[in-house]
Amino acid sequence: MNLRLHNSLTRRTEDFVPQDPNRVTLYVCGPTVYNYVHIGNARPPVVFALLARLLRRHFSGVVYARNITDVDDKINEAARQSGLPISGITERFAAAYRDDMSKLGVDPPDVEPHATTHIPQIIAMCERLIASGHAYVAEHHVLFDVTSYADYGHLSGRSVDDMVAGARVEVAPYKKNPADFVLWKPSSSDLPGWDSPWGRGRPGWHIECSAMSETHLGETIDIHAGGVDLLFPHHENEVAQSTCAHGGKPFARYWLHNGMLTLEGRKMSKSVGNTQVLHELLEIYPPEVLRFVLLKAHYRQPLDWSDAALRQARATLDGWYGVLRDLTDVEVADADVPTEFEAALLDDLNTPDAFAILAGLADAARRSAGTADATDAKSRLLAAAALVGLLQQDCESWFKQVPAGAEVDAARVDALIAERNAARAARDYARADQIRAELASMNVTIEDGAQGTRWRVGA
Ligand SMILES: [Zn+2]
């Protein structure tokens, strides 16, 4: 089975062939740590950690780097507004990010480089770009000269004229060309800064990814990934810097971009004010519900985040966990991930196809109850779900999880159910109905079945 990936660089879906199958290299642009991330920011780490998982199954060595941007004007502003030191802001929100990712079932990267611990590498890369005529110094800034790189605009498919006409570039008097971008800029004494040949200053955003990617993964890497919103200018500028700093060697061989999230059909963005904060969603929904919605659409397509999508994901997972609960007494054996399921994922991470196959595996497991196939069917369902990070919870606890802010006293529920069963045995149906109503008022639903009375939180 071959992994195929849609490469933004060639605009085609291609067989993935690494430079060195013993050391496959993957770089994903990580968060700027000045606040909790919104749900749209969770899509790339979820999708590309799944890609890293697939790579590890097919190649003997993988190095996956996802950076932390801990020097940025948004961080400076957050520190100024809160009165906290900058390191207080960055450490707090980097820790929150790791914690939220872990809850979401995202495997940590092998390397998590921080921009502020790579300042010497960033300065060295700026010096190389100046020495080779691709960058220049002006008023304590170092700027990349876009006219020095003929392929500038190739990745994003834009011409320099379009970029300037579209006012996507910052106009400044010290720039030779309006599209030139900052590699290094001066810092006043109240802002984070490091000594450099151009005075005390701090790096621009784009250069950090080029420097950290070079440091940890080498000059030419296999895959670089991120949201399609980063295609221009961030990724275009990374290509220009890295290619020119490395004497024309290609930077990333495959570029992957995920589509953006909308919220109830509208563009989701901080400036519009309609974002949902991942940290808060994790207090309301089981993490697997969020993970499932994030993976349900194909990663290159836009994804609409909505209450309906959350409800539907919850209902599907309830159904699959219900199958497992009916098979509680069935042993689980070691099982390979079903071939067609993995084949769907290897086809440019086709999660919609993979989830259709997963639904079929759940149906097969449901039908296998009470037959000799039950162990096999249950084990295949669990093996497939594990690869995408679903059905990882104990099925009883799945149905009894309580959202933050609500409270359910499990011992009290169990006692009421025992009392109801006793009332039913004594044919006191009025009392049994009364107890069912009392449980419903506690947001607990009960189901009577062959295996006794079960309960869950919610309708
Ligand atoms: Zn980046």
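The values are calculated or read from the model by the stated rules, or taken from the named source; none is laboratory data. Only a predicted model underlies this, so the values are computations on that prediction, with no experimental measurement involved. Heads up, the Cβs are rebuilt from the backbone with ideal geometry, glycines too, and the neighbour counts pull from every protein chain shown. Protein only, heavy atoms only, side chains kept; ligands, DNA and RNA dropped before computing areas. Shrake-Rupley method; radii C 1.70, N 1.55, O 1.52, S 1.80 Å.
Go through 103/400; 176/267; 74/185; 296/378; 74/175; 267/296 and tell me which ones have a Cα-Cα distance over 26 Å in this structure.
Values: 103/400 18 Å; 176/267 35 Å; 74/185 15 Å; 296/378 22 Å; 74/175 23 Å; 267/296 19 Å.
Going by Cα-Cα distance, 176/267 fall outside the 26 Å limit.
Using alpha carbon coordinates only, what is the Rg to Rh ratio of the chain, with Rh defined as the Kirkwood radius? Working shown, then result.
Details: Rg = 26.3 Å, Rh = 24.8 Å.
Reported Rg/Rh (Cα atoms, Kirkwood Rh): 1.06.
For the residue pair residue 229 and residue 139, what label-to-label distance in nm results when each label sits 7 Å from Cα along the Cα-to-beta-carbon direction?
If labels sit at residue 229 and residue 139, their model points lie 2.9 nm apart.
In sequence order, what are the phi-derived ³J(HN,Hα) couplings for region 329-335 according to the Karplus relation 6.51 cos²θ - 1.76 cosθ + 1.60 with θ = phi - 60°, rounded to whole Hz, with x for glycine and proline?
7, 7, 5, 9, 10, 4, 9
Between residue 252 and residues 5 or more places away or on another chain, which pairs have amide H atoms under 5 Å apart, with H built 1.01 Å from N, and which residues are they?
The answer is 221.
What are the ³J(HN,Hα) couplings of region 345-354, residue after residue, when phi is run through the Karplus curve with 6.51, -1.76, 1.60 and θ = phi - 60°? Round to Hz, x for glycine and proline.
After applying 6.51 cos²θ - 1.76 cosθ + 1.60, I find 5, 5, 8, 6, 6, 7, 5, x, 5, 4 Hz.
Treating the angle as unsigned and between 0 and 90°, give the value, to the nearest 10°, between the Cα long axis of helix 73-82 and the longest Cα principal axis of the chain.
That helix lies at roughly 60 degrees to the long axis.
Just the accessible area per residue of the chain, please: how many Å² with a 1.4 Å probe? Don't skip to the answer; put the middle values down first.
Values: 20150 Å² over 459 residues.
With the other protein chains kept in place, the chain gives 44 Å² per residue.
Report the FRET efficiency, 1/(1 + (r/R0)^6), for residue 427 and residue 459, where r is their Cβ-Cβ distance and R0 is 25 Å, rounded to 0.05.
Given R0 = 25 Å and the Cβ-Cβ separation, E is 0.35.
Using amide H atoms built 1.01 Å from N in the peptide plane, name the residues 5+ places from residue 68, or on other chains, whose amide H lies under 5 Å from its own.
Answer set, sorted by chain and number: 114, 115.
At 0.36 nm per residue, and after removing the present C-alpha to C-alpha distance, how many nm does the segment from residue 57 to residue 306 gain when stretched out fully?
Details: separation 249, 0.36 × 249 = 89.64 nm, distance 3.32 nm.
Once the chain is fully extended between residue 57 and residue 306, it gains 86.3 nm.
How high is the relative contact order of the chain? Use alpha-carbon pairs under 8 Å, at least six apart in sequence, and give a whole percent.
On the way: 687 pairs, mean separation 68.3, N = 459.
Normalised by residue count, the contact order of the chain is 15 percent.
Could you work out the relative contact order of region 1-158, using alpha carbon pairs under 8 angstrom and six or more residues apart, expressed as a whole percent?
Relative CO of region 1-158 lands at 21 percent.
Describe numerically, in nm with one decimal, the distance between label points set 7 Å from Cα along Cα→Cβ at residue 95 and at residue 412.
Taking the simple label geometry, residue 95 and residue 412 are separated by 3.4 nm.
Under the √(5λ) rule applied to the eigenvalues of the Cα gyration tensor, what semi-axes describe the equivalent ellipsoid of region 219-310? Give them in Å, descending.
Numbers: eigenvalues 216, 41, 26 Å².
Semi-axis lengths for region 219-310 are 33, 14, 11 Å.
Please determine, in degrees from 0 to 90 and to the nearest 10, the orientation of helix 236-245 with respect to the longest principal axis defined by the Cα atoms of the chain, where the helix direction is its Cα long axis.
Approximately 50 degrees, to the nearest 10.
What are the principal axis extents of the Cα atoms in region 87-141, in Å, biggest first?
Principal extents (Cα only, largest first): 47, 24, 15 Å.
Kindly write out, for region 8-13 in residue order, the coupling ³J(HN,Hα) from the Karplus curve 6.51 cos²θ - 1.76 cosθ + 1.60 (θ = phi - 60°), rounded to whole Hz, with x marking Gly and Pro.
Coupling constants for region 8-13: 4, 5, 9, 6, 9, 8 Hz.
For n ≥ 4 DSSP H runs only, could you compute -39500 (n - 2.57) per run for the chain, divide by its residues and tell me the 222 nm figure to the nearest 500?
Numbers: 16 runs with 198 residues, N = 459.
After summing the helix terms and dividing by the residues of the chain, the value is -13500 deg cm²/dmol.
With a Förster radius of 60 Å, plug the Cβ-Cβ distance of residue 396 and residue 219 into 1/(1 + (r/R0)^6) and report the FRET value to the nearest 0.05. List each step's numbers first, then the result.
Values: r = 52 Å, r/R0 = 0.86.
With a Förster radius of 60 Å, E is 0.70.
Near the amide H of residue 7, under 5 Å away, which other amide H atoms are found, from residues 5 or more places off or on another chain, if H is placed in the peptide plane?
12, 13, 14
Carbon and sulfur atoms: what percent of the 1.4 Å accessible area of region 33-136 do they account for? The partial results should precede the final answer.
On the way: 2110 of 4030 Å².
With neighbouring chains kept in place, the figure for region 33-136 is 52 percent.
Counting alpha carbon pairs within less than 8 Å and at least 6 residues apart, what relative contact order, in whole percent, applies to region 407-459?
Working: 41 pairs, mean separation 13.9, N = 53.
Computed value for region 407-459: 26 percent relative contact order.
Find, to one decimal place in angstroms, the Kirkwood hydrodynamic radius of region 233-381, where the mean of 1/r is taken over every pair of different Cα atoms and then inverted. Write out the running numbers ahead of the final one.
Details: mean 1/r = 0.0540 Å⁻¹.
Kirkwood hydrodynamic radius for region 233-381: 18.5 Å.
What order, most packed first, do the peptides 318-326, 301-309 have when packing is the mean number of other Cβ atoms within 10 Å of each residue? Each step should come with its number before you reach the end.
Numbers: 318-326: 19.4, 301-309: 15.1.
Taking the mean over residues of other Cβ atoms within 10 Å, the ranking is 318-326, 301-309.
Going by alpha carbons, how many degrees (0 to 90, nearest 10) lie between the helix axis of 429-441 and the longest principal axis of the chain?
10 degrees
Quick check of the Kirkwood formula: for region 120-192, what is the inverse mean of 1/r over all pairs of different Cα atoms, in Å?
13.3 Å
Using only the alpha carbon atoms of region 192-267, find the Kirkwood hydrodynamic radius as the inverse mean reciprocal pair distance, in angstroms to one decimal.
Values: mean 1/r = 0.0711 Å⁻¹.
Computed over region 192-267, the radius equals 14.1 Å.
Report, ordered by chain and residue number, the aspartates and glutamates lying within cross-link reach of residue 249, taken as a straight Cα distance under 17 Å and ignoring same-chain residues fewer than 8 apart.
Within the straight-line limit of under 17 Å, residue 249 reaches these aspartates and glutamates: 20, 151, 214, 219, 222, 236, 238.
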